[in-house]
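**Student:** Dropping the structure in here first, questions after.
The values are calculated or read from the model by the stated rules, or taken from the named source; none is laboratory data. This structure is a prediction, so every number in the text was calculated from the model and none was measured. Cβ atoms come from the backbone with ideal geometry, glycine included; neighbour counts cover every protein chain shown.
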Amino acid sequence: MGEPRFLVMGCGGIGGIVAASLVETGYDVTAVTTNTEIAAAIEKNGFVLRGEGGGRTVRGAISVGVPARAFDYVLLATQPPQVEEAARTALPALADDGRMVCFQNGLCEDRVAEICGPARVLGGVVAWGAAMLDPGVYDRTAAGGFTLGSLARGKAPDPALEPLSRALEAIGPIEITDNLAGKRWSKLAINCAISSLGTLGGDRLGALMPNRFVRRLALEIMTEVVEVSRAEEIRLEKVSGTIDLDWIALTEEEKAAAGSPGLFAKHSLLLAVGLRFRRMRSSMLSAIERGRPPAIDYLNGEITARGKKHGIATPVNDVVQRTVWELARGERKMGVPLLRAIFEETGPHGA
(Lines give C-alpha, C1' and ligand atoms only; values in the text may rest on other atoms or scores of the structure.)
Protein backbone atom coordinates (compact mmCIF):
# COMPACT_ATOMS: atom_id res chain seq x y z
CA MET A 1 0.00 0.00 0.00
CA GLY A 2 1.40 3.41 -1.01
CA GLU A 3 0.07 6.65 0.42
CA PRO A 4 -3.43 5.61 1.50
CA ARG A 5 -6.60 7.01 0.01
CA PHE A 6 -9.42 7.79 2.45
CA LEU A 7 -13.18 7.82 2.03
CA VAL A 8 -14.93 9.43 5.02
CA MET A 9 -18.56 8.42 5.31
CA GLY A 10 -20.39 11.06 7.32
CA CYS A 11 -19.69 14.75 7.89
CA GLY A 12 -20.97 15.28 11.42
CA GLY A 13 -18.67 16.49 14.18
CA ILE A 14 -16.21 13.58 14.12
CA GLY A 15 -16.32 12.98 10.36
CA GLY A 16 -15.86 16.62 9.46
CA ILE A 17 -12.83 17.11 11.67
CA VAL A 18 -11.26 13.79 10.62
CA ALA A 19 -11.72 14.61 6.92
CA ALA A 20 -10.36 18.15 7.27
CA SER A 21 -7.37 17.04 9.35
CA LEU A 22 -6.39 14.34 6.84
CA VAL A 23 -6.67 16.86 3.99
CA GLU A 24 -4.45 19.29 5.93
CA THR A 25 -1.73 16.67 6.24
CA GLY A 26 -1.71 15.97 2.52
CA TYR A 27 -3.74 12.79 2.16
CA ASP A 28 -6.10 11.92 -0.69
CA VAL A 29 -9.47 12.32 1.02
CA THR A 30 -13.07 12.37 -0.16
CA ALA A 31 -15.84 13.06 2.34
CA VAL A 32 -19.37 11.81 1.69
CA THR A 33 -22.59 13.14 3.17
CA THR A 34 -26.22 12.44 2.34
CA ASN A 35 -27.13 15.93 3.57
CA THR A 36 -27.19 18.29 0.58
CA GLU A 37 -27.10 21.36 2.84
CA ILE A 38 -23.85 20.21 4.45
CA ALA A 39 -22.42 19.31 1.05
CA ALA A 40 -23.29 22.73 -0.37
CA ALA A 41 -21.78 24.55 2.62
CA ILE A 42 -18.48 22.63 2.40
CA GLU A 43 -18.37 23.01 -1.37
CA LYS A 44 -18.77 26.78 -0.98
CA ASN A 45 -16.82 27.52 2.20
CA GLY A 46 -14.66 24.46 2.88
CA PHE A 47 -14.52 22.71 6.26
CA VAL A 48 -14.66 25.55 8.79
CA LEU A 49 -12.88 24.50 12.00
CA ARG A 50 -13.15 26.19 15.38
CA GLY A 51 -12.10 25.31 18.90
CA GLU A 52 -8.74 23.61 19.52
CA GLY A 53 -6.11 24.64 17.03
CA GLY A 54 -7.78 27.99 16.33
CA GLY A 55 -10.16 28.98 13.59
CA ARG A 56 -9.25 27.90 10.06
CA THR A 57 -10.77 26.75 6.79
CA VAL A 58 -9.76 23.61 4.93
CA ARG A 59 -10.70 23.04 1.30
CA GLY A 60 -11.42 19.40 0.53
CA ALA A 61 -13.43 17.11 -1.74
CA ILE A 62 -17.06 16.62 -0.71
CA SER A 63 -19.64 14.39 -2.39
CA VAL A 64 -23.25 13.32 -1.87
CA GLY A 65 -22.44 9.94 -3.39
CA VAL A 66 -19.54 7.49 -3.31
CA PRO A 67 -17.08 8.13 -6.17
CA ALA A 68 -16.37 5.33 -8.63
CA ARG A 69 -12.77 4.77 -7.52
CA ALA A 70 -10.97 2.60 -4.98
CA PHE A 71 -10.06 3.68 -1.45
CA ASP A 72 -7.68 2.01 0.98
CA TYR A 73 -9.66 3.05 4.05
CA VAL A 74 -13.34 3.72 4.44
CA LEU A 75 -13.77 5.69 7.67
CA LEU A 76 -17.31 5.18 8.93
CA ALA A 77 -18.15 8.36 10.85
CA THR A 78 -21.95 8.24 10.71
CA GLN A 79 -24.17 7.83 13.73
CA PRO A 80 -24.63 4.12 14.65
CA PRO A 81 -28.14 3.81 13.13
CA GLN A 82 -26.68 4.68 9.72
CA VAL A 83 -23.46 2.62 9.93
CA GLU A 84 -24.68 -0.49 8.13
CA GLU A 85 -26.20 1.48 5.26
CA ALA A 86 -23.00 3.52 4.98
CA ALA A 87 -20.88 0.35 4.90
CA ARG A 88 -23.01 -1.24 2.17
CA THR A 89 -22.93 1.96 0.12
CA ALA A 90 -19.14 2.28 0.38
CA LEU A 91 -18.29 -1.40 -0.09
CA PRO A 92 -17.89 -1.21 -3.91
CA ALA A 93 -15.26 1.53 -3.41
CA LEU A 94 -13.20 -0.42 -0.88
CA ALA A 95 -9.92 -1.67 -2.36
CA ASP A 96 -9.34 -5.41 -2.33
CA ASP A 97 -6.80 -5.03 0.48
CA GLY A 98 -8.65 -2.09 2.08
CA ARG A 99 -10.25 -1.74 5.49
CA MET A 100 -13.44 -0.27 6.88
CA VAL A 101 -12.89 1.56 10.15
CA CYS A 102 -15.70 2.03 12.68
CA PHE A 103 -15.56 5.32 14.59
CA GLN A 104 -19.02 4.88 16.12
CA ASN A 105 -19.76 4.42 19.78
CA GLY A 106 -21.29 1.06 20.59
CA LEU A 107 -20.37 -2.33 19.18
CA CYS A 108 -20.57 -1.66 15.45
CA GLU A 109 -17.59 -3.70 14.23
CA ASP A 110 -19.56 -6.95 14.31
CA ARG A 111 -22.36 -5.38 12.27
CA VAL A 112 -19.94 -4.09 9.63
CA ALA A 113 -18.09 -7.42 9.57
CA GLU A 114 -21.28 -9.09 8.36
CA ILE A 115 -21.19 -6.77 5.34
CA CYS A 116 -17.53 -6.86 4.29
CA GLY A 117 -16.02 -9.71 6.31
CA PRO A 118 -14.21 -9.55 9.69
CA ALA A 119 -10.72 -9.46 8.14
CA ARG A 120 -11.54 -6.13 6.47
CA VAL A 121 -12.80 -4.37 9.62
CA LEU A 122 -10.86 -2.20 12.06
CA GLY A 123 -12.15 -0.37 15.10
CA GLY A 124 -11.31 3.19 16.05
CA VAL A 125 -12.35 4.09 19.59
CA VAL A 126 -12.64 7.89 19.62
CA ALA A 127 -11.45 9.55 22.84
CA TRP A 128 -12.24 13.16 21.88
CA GLY A 129 -15.35 15.19 21.23
CA ALA A 130 -16.62 17.36 18.40
CA ALA A 131 -19.80 19.05 17.26
CA MET A 132 -21.09 20.52 14.01
CA LEU A 133 -22.29 24.01 14.95
CA ASP A 134 -23.78 24.79 11.52
CA PRO A 135 -23.57 22.93 8.22
CA GLY A 136 -19.86 22.54 7.50
CA VAL A 137 -18.78 24.37 10.69
CA TYR A 138 -17.01 22.20 13.29
CA ASP A 139 -15.97 22.68 16.90
CA ARG A 140 -13.62 20.29 18.68
CA THR A 141 -15.04 20.14 22.20
CA ALA A 142 -12.52 17.83 23.91
CA ALA A 143 -8.94 16.74 23.38
CA GLY A 144 -7.84 13.15 22.85
CA GLY A 145 -6.94 10.62 20.21
CA PHE A 146 -7.85 7.12 19.05
CA THR A 147 -7.44 3.52 20.10
CA LEU A 148 -7.16 1.30 17.03
CA GLY A 149 -7.53 -2.46 16.78
CA SER A 150 -8.88 -5.37 14.78
CA LEU A 151 -11.44 -8.08 15.48
CA ALA A 152 -8.75 -10.78 15.47
CA ARG A 153 -7.69 -11.93 18.93
CA GLY A 154 -4.35 -13.50 19.76
CA LYS A 155 -2.90 -12.85 16.32
CA ALA A 156 -0.24 -10.52 14.94
CA PRO A 157 -1.41 -6.91 14.50
CA ASP A 158 -3.17 -6.18 11.23
CA PRO A 159 -0.56 -4.54 8.95
CA ALA A 160 -3.20 -1.99 7.90
CA LEU A 161 -3.12 -0.50 11.41
CA GLU A 162 0.29 1.14 11.05
CA PRO A 163 -0.44 3.44 8.05
CA LEU A 164 -3.84 4.28 9.55
CA SER A 165 -2.17 5.18 12.84
CA ARG A 166 0.37 7.38 11.07
CA ALA A 167 -2.39 9.28 9.26
CA LEU A 168 -4.57 9.83 12.32
CA GLU A 169 -1.71 11.09 14.51
CA ALA A 170 -2.43 14.58 13.17
CA ILE A 171 -5.70 14.49 15.13
CA GLY A 172 -4.46 13.07 18.42
CA PRO A 173 -2.33 10.39 20.11
CA ILE A 174 -2.78 6.82 18.89
CA GLU A 175 -2.87 3.57 20.84
CA ILE A 176 -2.96 0.20 19.09
CA THR A 177 -4.65 -2.50 21.15
CA ASP A 178 -4.92 -6.27 20.96
CA ASN A 179 -8.08 -6.07 23.08
CA LEU A 180 -10.47 -4.06 20.92
CA ALA A 181 -13.51 -5.69 22.54
CA GLY A 182 -12.35 -4.61 25.98
CA LYS A 183 -11.73 -1.06 24.79
CA ARG A 184 -15.12 -0.95 23.08
CA TRP A 185 -17.04 -2.21 26.10
CA SER A 186 -15.23 0.17 28.44
CA LYS A 187 -16.11 3.12 26.19
CA LEU A 188 -19.65 1.72 25.88
CA ALA A 189 -20.05 1.89 29.66
CA ILE A 190 -19.09 5.57 29.59
CA ASN A 191 -21.34 6.37 26.62
CA CYS A 192 -24.33 4.54 28.09
CA ALA A 193 -24.07 6.92 31.02
CA ILE A 194 -22.68 10.17 29.65
CA SER A 195 -24.22 10.30 26.17
CA SER A 196 -27.64 8.99 27.21
CA LEU A 197 -27.96 11.14 30.32
CA GLY A 198 -26.68 14.14 28.34
CA THR A 199 -29.41 13.51 25.78
CA LEU A 200 -32.15 13.26 28.39
CA GLY A 201 -30.81 16.25 30.31
CA GLY A 202 -30.51 18.32 27.14
CA ASP A 203 -27.27 19.96 28.23
CA ARG A 204 -23.49 19.70 28.23
CA LEU A 205 -21.71 17.41 30.64
CA GLY A 206 -20.38 20.19 32.83
CA ALA A 207 -23.90 21.42 33.63
CA LEU A 208 -25.27 17.99 34.56
CA MET A 209 -22.57 16.29 36.62
CA PRO A 210 -22.78 18.63 39.65
CA ASN A 211 -26.21 17.05 40.35
CA ARG A 212 -25.59 14.15 42.73
CA PHE A 213 -28.58 12.15 41.50
CA VAL A 214 -27.26 12.40 37.92
CA ARG A 215 -23.94 10.98 39.06
CA ARG A 216 -25.76 8.19 40.89
CA LEU A 217 -27.68 7.29 37.72
CA ALA A 218 -24.39 7.26 35.81
CA LEU A 219 -22.83 4.92 38.37
CA GLU A 220 -25.78 2.54 38.20
CA ILE A 221 -25.81 2.52 34.39
CA MET A 222 -22.09 1.72 34.28
CA THR A 223 -22.49 -0.96 36.95
CA GLU A 224 -25.08 -2.76 34.81
CA VAL A 225 -22.76 -2.55 31.77
CA VAL A 226 -19.88 -4.04 33.77
CA GLU A 227 -22.08 -6.89 35.03
CA VAL A 228 -23.18 -7.76 31.48
CA SER A 229 -19.61 -7.47 30.14
CA ARG A 230 -18.44 -10.03 32.69
CA ALA A 231 -21.11 -12.45 31.45
CA GLU A 232 -19.82 -11.81 27.90
CA GLU A 233 -16.27 -12.65 29.13
CA ILE A 234 -14.92 -9.23 28.15
CA ARG A 235 -11.65 -8.04 29.65
CA LEU A 236 -12.37 -4.38 30.33
CA GLU A 237 -9.70 -1.71 29.87
CA LYS A 238 -9.16 1.59 31.60
CA VAL A 239 -10.75 4.53 29.76
CA SER A 240 -8.31 7.37 28.99
CA GLY A 241 -5.80 5.47 31.09
CA THR A 242 -7.52 6.44 34.36
CA ILE A 243 -11.16 5.31 34.59
CA ASP A 244 -11.22 1.72 35.84
CA LEU A 245 -14.71 0.35 35.14
CA ASP A 246 -14.22 -2.71 37.33
CA TRP A 247 -13.50 -0.33 40.22
CA ILE A 248 -16.20 2.21 39.44
CA ALA A 249 -18.96 -0.44 39.32
CA LEU A 250 -20.97 -0.36 42.53
CA THR A 251 -20.49 -3.21 44.96
CA GLU A 252 -23.53 -4.87 46.53
CA GLU A 253 -22.88 -2.89 49.71
CA GLU A 254 -22.59 0.41 47.80
CA LYS A 255 -25.87 -0.21 45.99
CA ALA A 256 -27.67 0.05 49.31
CA ALA A 257 -25.32 2.29 51.28
CA ALA A 258 -26.26 5.76 52.46
CA GLY A 259 -22.62 6.75 52.03
CA SER A 260 -19.10 5.34 52.19
CA PRO A 261 -15.52 6.31 51.36
CA GLY A 262 -15.79 4.23 48.18
CA LEU A 263 -18.93 6.03 47.03
CA PHE A 264 -17.36 9.40 47.81
CA ALA A 265 -14.34 8.50 45.64
CA LYS A 266 -16.57 7.37 42.75
CA HIS A 267 -18.69 10.52 42.87
CA SER A 268 -15.49 12.59 42.97
CA LEU A 269 -14.20 10.85 39.86
CA LEU A 270 -17.40 11.61 37.97
CA LEU A 271 -17.19 15.24 39.02
CA ALA A 272 -13.66 15.36 37.62
CA VAL A 273 -14.83 13.75 34.37
CA GLY A 274 -17.61 16.32 34.13
CA LEU A 275 -15.10 19.12 34.58
CA ARG A 276 -12.64 17.72 32.05
CA PHE A 277 -15.29 17.19 29.39
CA ARG A 278 -17.59 20.03 30.43
CA ARG A 279 -18.05 21.29 26.85
CA MET A 280 -18.95 17.88 25.48
CA ARG A 281 -22.49 17.62 24.13
CA SER A 282 -24.17 14.33 23.28
CA SER A 283 -24.15 13.55 19.55
CA MET A 284 -27.35 11.58 20.17
CA LEU A 285 -29.00 14.78 21.38
CA SER A 286 -27.88 16.53 18.20
CA ALA A 287 -29.34 13.68 16.12
CA ILE A 288 -32.73 14.04 17.83
CA GLU A 289 -32.67 17.79 17.28
CA ARG A 290 -32.08 17.16 13.56
CA GLY A 291 -35.01 14.74 13.42
CA ARG A 292 -32.82 11.65 13.07
CA PRO A 293 -33.24 8.40 15.04
CA PRO A 294 -31.22 8.27 18.25
CA ALA A 295 -28.44 5.69 18.67
CA ILE A 296 -29.87 4.48 21.98
CA ASP A 297 -30.42 0.90 20.75
CA TYR A 298 -26.71 0.73 19.92
CA LEU A 299 -25.72 1.91 23.40
CA ASN A 300 -28.01 1.14 26.34
CA GLY A 301 -30.05 -1.13 24.05
CA GLU A 302 -27.03 -3.43 23.62
CA ILE A 303 -26.94 -3.81 27.40
CA THR A 304 -30.65 -4.49 27.82
CA ALA A 305 -30.62 -7.09 25.01
CA ARG A 306 -27.50 -8.88 26.21
CA GLY A 307 -28.64 -8.64 29.81
CA LYS A 308 -31.82 -10.53 28.90
CA LYS A 309 -29.73 -13.17 27.11
CA HIS A 310 -27.69 -13.76 30.27
CA GLY A 311 -30.55 -13.35 32.76
CA ILE A 312 -29.04 -10.15 34.20
CA ALA A 313 -31.40 -7.37 35.28
CA THR A 314 -30.59 -3.95 33.77
CA PRO A 315 -33.40 -1.75 35.15
CA VAL A 316 -31.74 1.65 34.76
CA ASN A 317 -30.55 0.98 31.21
CA ASP A 318 -34.06 -0.31 30.41
CA VAL A 319 -35.71 2.92 31.56
CA VAL A 320 -33.09 5.13 29.88
CA GLN A 321 -33.54 3.32 26.56
CA ARG A 322 -37.32 3.63 26.71
CA THR A 323 -37.24 7.28 27.77
CA VAL A 324 -34.85 8.35 25.00
CA TRP A 325 -37.29 6.92 22.46
CA GLU A 326 -40.16 8.77 24.17
CA LEU A 327 -38.09 11.94 23.95
CA ALA A 328 -37.37 11.33 20.26
CA ARG A 329 -41.10 10.88 19.59
CA GLY A 330 -41.89 14.16 21.34
CA GLU A 331 -43.65 12.46 24.27
CA ARG A 332 -41.25 13.79 26.93
CA LYS A 333 -39.39 17.05 27.43
CA MET A 334 -35.63 16.96 27.96
CA GLY A 335 -34.08 18.60 31.00
CA VAL A 336 -32.88 18.01 34.54
CA PRO A 337 -36.48 17.36 35.75
CA LEU A 338 -36.65 14.41 33.33
CA LEU A 339 -33.46 12.98 34.83
CA ARG A 340 -34.95 13.44 38.28
CA ALA A 341 -38.07 11.54 37.17
CA ILE A 342 -35.92 8.65 35.92
CA PHE A 343 -34.02 8.65 39.22
CA GLU A 344 -37.28 8.38 41.14
CA GLU A 345 -38.69 5.71 38.81
CA THR A 346 -35.64 3.49 39.15
CA GLY A 347 -35.21 3.95 42.92
CA PRO A 348 -34.64 3.34 45.72
CA HIS A 349 -30.98 4.30 45.44
CA GLY A 350 -28.08 4.59 47.80
CA ALA A 351 -26.11 7.83 47.86
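**Student:** Only one of Val48, Val29 is surrounded by fewer than 22 Cβ atoms within 10 Å (Cβ to Cβ), touching a Gly at 6+ places or on another chain (Cβ under 8 Å) and assigned to a strand (DSSP E or B). Can you tell me which?
**Tutor:** Working: Val29 fails: surrounded by fewer than 22 Cβ atoms within 10 Å (Cβ to Cβ).
That would be Val48, the only listed residue that is surrounded by fewer than 22 Cβ atoms within 10 Å (Cβ to Cβ), touching a Gly at 6+ places or on another chain (Cβ under 8 Å) and assigned to a strand (DSSP E or B).
**Student:** What is the number of the single condition among (1) free of Cβ contacts under 8 Å to residues at least 40 places away in the same chain; (2) at positive phi; (3) not acidic (Asp, Glu) that Ser63 does not meet?
**Tutor:** (2)
**Student:** Would you check if Leu285 is touching a helix residue (DSSP H, G or I) at 6+ places or on another chain (Cβ under 9 Å), without any contact (Cβ under 8 Å) to a residue 40 or more places away in the chain, in the same structural domain as Ala207 (by TED's automatic domain parsing) and surrounded by 14 or more Cβ atoms within 10 Å (Cβ to Cβ)? It would help to see each step written out before you state the result.
**Tutor:** Numbers: touching a helix residue (DSSP H, G or I) at 6+ places or on another chain (Cβ under 9 Å): yes; without any contact (Cβ under 8 Å) to a residue 40 or more places away in the chain: no; in the same structural domain as Ala207 (by TED's automatic domain parsing): yes; surrounded by 14 or more Cβ atoms within 10 Å (Cβ to Cβ): yes.
No.
**Student:** Ile234 is checked against (1) at pLDDT 95 or above; (2) part of a loop (DSSP other than H, G, I, E, B); (3) not assigned by TED's automatic domain parsing to the domain that holds Val319 and fails just one. What number does that condition carry?
**Tutor:** For Ile234, the failing item is (3).
**Student:** What tally of residues in region 1-25 results from selecting those that are touching a residue at least 12 places away in the same chain (Cβ under 8 Å) and either among the aromatic types (Phe, Trp, Tyr) or assigned to a loop (DSSP other than H, G, I, E, B) (or both)? Break it down into steps so the answer makes sense when it comes.
**Tutor:** Narrowing region 1-25 to residues touching a residue at least 12 places away in the same chain (Cβ under 8 Å): 1, 3-25.
Filter again for either among the aromatic types (Phe, Trp, Tyr) or assigned to a loop (DSSP other than H, G, I, E, B) (or both), leaving 1, 3-4, 6, 10-12, 25.
Total meeting the criteria: 8.
**Student:** Please give the number of the condition Thr147 fails out of (1) part of a helix (DSSP H, G or I); (2) at pLDDT 90 or above; (3) of a type outside the set (Lys, Arg).
**Tutor:** With (1) part of a helix (DSSP H, G or I); (2) at pLDDT 90 or above; (3) of a type outside the set (Lys, Arg) applied to Thr147, the lone miss is (1).
**Student:** Related question: Starting from region 240-252, take each residue that is within 11 Å of Leu269 (Cβ to Cβ) and list its partners that are surrounded by 15 or more Cβ atoms within 10 Å (Cβ to Cβ) and basic (Lys, Arg), counting only C-beta distances under 6 angstrom and pairs at least six apart or across chains.
**Tutor:** From region 240-252, the pairs are Ile248/Lys266.
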